[in-house]
Structures are given as C-alpha cells and as structure tokens.
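Peer 1: Encoded as structure tokens, here's the structure I'll be asking about.
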Amino acid sequence: MMIANSVLRGKIYRLLQFIVVVCALIIPFIKTSNGNSLFRFDVSTLQLYAFNTVVSFASFFSAFIAILLFTFLFVFTTQLLGRVWCGWLCPQSFFSIRIESYSKKIKNKTMRKVAAVLLAFVFALVLTLNWMMYFVSPYDFISSLKSSSTMVTIGVVLFLFIFVDFVLVRFKWCKYVCPYSKFQVVMTDDDTLYVGMIPGKEKECIDCKACIRVCPTHIDPRKNPDADCIYCETCVTACNQVFQKKDHHEGILGYVWGKGNKFNFKRPNLIVTFSVSIVLFIILIYSIISTSEPFIIKVDDNVKSLGNGVYTVKVEMKSNLEKAVRVHFSNPDNVAEVSPAGVRVFIKEKVESTLTINTLKEIPNGKVKIQAVYDRKKDPIVFEVNLK
Ligand code: SF4
Ligand code: SF4
C-alpha cells in the first residue's frame, strides 16, 4: 500500500507537469467571448488580456501592484514550499529532465548525443514560439513576424539562448546561474519543505548511493536541505525502487516539513508575506475593476474586397459605459475614407457593424489604421485592418 501511494504520487507528479505544459502551450490560442486571448500581454496595445477582462497597463498603478503581488507570492511560496517551482513548474528543469531521460534510452553513445541535440532543438523552438505568443496574438503571428524585424531578432536570440542552454548547460543553470535559486537560499527557513531523508529513517539507509547517482544537480539527498536541490523527486523514485526490490517497502526519502518535519504556519515571515499578498490582491482586483477598458472593439479577420479599392470589415463594439455613446470612425493617415462615420452604442450594449473602407491611394503594406472615438475626453481606440 505504501509503495502504491508512492508510485501513484509519482504518476500524479508527472501528469500535473504535462497538464501545466499543455496548458502553457494552448493558452495563447484560446479566445474568450470578447474575442481576445484567455491570457496574453499584447505588446502592440500594452494591454493584458486575462479571462475576458482587458487591463490597460497604461494604468501604471495596476502594473506596479501586479508586479508587487507577483513578487510577494513568489517569496511566500518559497518560504513555505522551498524550490517547489523548480521541480514542478520550471520549463528549464522540465525539459532538461526530458532531454536526459529520453536520450538515455538510446544505447549507442553517438546516437544518444544526436538525440539529445535534436530534442533540445525541438523543445527550444516550441518554448520560443510559446513564449512569444504570450505577447503577440498567435492568429497574427506570421504577419507580425513579417512586419517586425525586432520580433524576428528577439525570437532568434531567445531560441539560440534556450537551445545552447538545453545542449550544454541544463542543470548547471539551476546550480550556478539561476537567480531564483540564489534568492531562495535567503528566503527559506528551518520549517520550509524540502526533499530528503525522512526523519527517523536514517538507520534504514543501505548506502547504495542510487539516489546520488540519479541526482541531476549531483548532491547527496540524504544531506538535504541543500540549496542546490531542485525538488525533482528523482532520488525519491530511485530510493523507492531500491526498497521495492529489497523488501516491498517504501523508500526512506521524501518530502519533509523542515527540521522538525511538522507543518508550521505560525512563522512571522510567512504571516507577513501572506498578509501583504492578500492586501495586494484586493488592491489589484479593485484597480482592475476600476480601470478595465470601458469600451472594447473587436475586428473580424475576414476583410472583403468589393473591387476598386473598396473593402468591408465587421467590427464588434462592447460598451461597459453607464451612458450611450456615438462612436466616430476615421482614418488618421488620410489614405482611406471610413463609413459609416458614426455608430450609436447604448448603455452596456454589444453592437456589430460593417465598416466600408474606401482607399484613396495605393497602400504598400495593405494595412489601414482606423481610429474610433467614443468620448472626446478619452484617447481614441486605434486598430489596424489588413486589406491583404
Ligand atoms: S537510495 Fe535510499 S538506501 Fe540508497 S543511499 Fe540513497 S537513501 Fe540510502
Ligand atoms: S536531491 Fe533529489 S530532489 Fe533534489 S535535485 Fe537531487 S534528485 Fe532532485
């Protein structure tokens, strides 16, 4: 039963990691009912799309509070659970473990190295594209790359950085470079969770050193807590296997709640970071609600050409305002005429309208800027329509 528990925990651990990776990969592609990504920070508009809410980070205050909250949650998690991020969620350790474990299955030494490089290439490419899609819509990704050499440069540099890391560095990054690992040394205390020898089991160790041989950061798990441990649980699995063969008994390594192996929440540092996080969370929610976009315009990707430089495109307007407004459309560059010039939108109403764009001259990149003014005291909403 004990072994079954341990094996089950290992399976849940791996399943959770895969779920996190799959979620991270598909989140930029998921659209909410307002047509925006489920979660993405759009660099072109400086807006955060999060669960049907649009937060304009022109609101510096919200951005500042969000960064503060993130920092405090980071500290709180480390104080309580140590480097659990490294083993459970960090893409660096997740993919490094996969590269090592998958390539190790190949017996031929040269082929093993080739497989590791190929895996590093594929994982680096997936991670680079995934990371960039949190800043640029995946549905405009190719056109954004074509029109921005800066984005291409960022992508190439990022890819090369991750690729070299996966080929040459891997766990050396966790041990010697990662800034988070250095910070966590000062954040943890005597009650922080760690992976190591379960207190009271020391005498059962047969000194087979299986746990040391599998440790990616080359430490002795029996001597934990060690700042270099990344909570990957590889040593726990190895020790379980040793004892499973020996006497069908669970291994002697596992998660330990600090030196006393007792969960203790009544710690001043933990209480302070937890309380500050709660206060910051409330302030952030309040600032998001009070500064979230009062008027949202979603533009259909499907632009129809009527010939002679005339195009139509559907736009959907959603008002969160407590008053009816008339939205005025125009082209600020004077390369096209837009009609209708005004559309009425009532209180908290959603309206769909078809805009006709009559181009006045040749537009080389095919993109026409449209400006929508719903309130003369507010900045206009500016969006682009791709006529190609
Ligand atoms: S694998 Fe288990 S039994 Fe073997 S040395 Fe490590 S802790 Fe001891
Ligand atoms: S000590 Fe265990 S959990 Fe820590 S890094 Fe080594 S193998 Fe992973």
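Peer 1: Sorted by average packing, counted as other Cβ atoms within 10 angstrom per residue and highest first, what order do 97-103, 318-324 take?
Peer 2: Ranked by mean Cβ neighbours within 10 Å, highest first: 97-103, 318-324.
Peer 1: Work out, step by step, the length gained on full extension between Phe18 and Tyr102: first 0.36 nm times the residue separation, then minus their alpha carbon distance; give nm to one decimal.
Peer 2: Between Phe18 and Tyr102, full extension yields 28.7 nm more.
Peer 1: Take the residue pairs Lys11/Lys104; Lys314/Lys377; Lys223/Lys266 and return only those whose Cα atoms are more than 28 Å apart.
Peer 2: Flagged as over cut-off: nothing, all pairs pass.
Peer 1: What is the packing order of peptides 329-335, 164-170, 262-268, 127-133, taking the mean over residues of other C-beta atoms within 10 Å and listing the highest first?
Peer 2: Order by mean packing, descending: 127-133, 164-170, 329-335, 262-268.
Peer 1: What is the sum of charges around Thr356, taking Lys and Arg as +1, Asp and Glu as -1, for the other residues whose C-beta is under 13 Å from the C-beta of Thr356?
Peer 2: After counting each charged neighbour, the total is +1.
Peer 1: Based on the Cβ-Cβ distance of Asn261 and Ile67, what FRET efficiency does E = 1/(1 + (r/R0)^6) give at R0 = 45 Å, to the nearest 0.05?
Peer 2: In this case the efficiency is close to 0.80.
Peer 1: What value in Å³ per residue do you get for the convex hull of the alpha-carbon atoms in the chain?
Peer 2: Measuring per residue, one finds 181 Å³ for the Cα hull of the chain.
Peer 1: Helix check for the chain. Which DSSP H runs span at least 30 Å along their own axis by Cα, with a mean Kyte-Doolittle hydropathy no less than 1.0?
Peer 2: Going by DSSP H runs, the hits are 2-26, 60-81, 109-132, 268-291.
Peer 1: Could you work out the local net charge near Val303, counting Lys and Arg as +1, Asp and Glu as -1, over the other residues with Cβ closer than 12 Å to its Cβ?
Peer 2: +1
Peer 1: Compute the signed sum of charges (Lys and Arg +1, Asp and Glu -1) over the other residues within less than 10 Å, Cβ to Cβ, of Ala115.
Peer 2: So the environment of Ala115 carries a net charge of +4.
Peer 1: May I ask which of Lys175/Lys246; Lys146/Lys388; Lys109/Lys209; Lys113/Lys209; Lys203/Lys245; Lys31/Lys318 have a Cα-Cα span longer than 22 Å here?
Peer 2: In this structure, Lys175/Lys246; Lys109/Lys209; Lys113/Lys209 exceed 22 Å between Cα atoms.
Peer 1: Something else now. Dipole of segment 190-257, Cα-centred, from +1 at each Lys and Arg C-beta and -1 at each Asp and Glu C-beta, to the nearest 20 debye?
Peer 2: Computed about the Cα centre, the dipole is about 340 debye.
Where a number appears in this text, it was derived from the coordinates with a stated rule and is not lab data. Quick caveat, the model's predicted, so the values are computed rather than measured. Neighbour counts run over all protein chains shown; Cβ positions are idealised from the backbone, glycine included.
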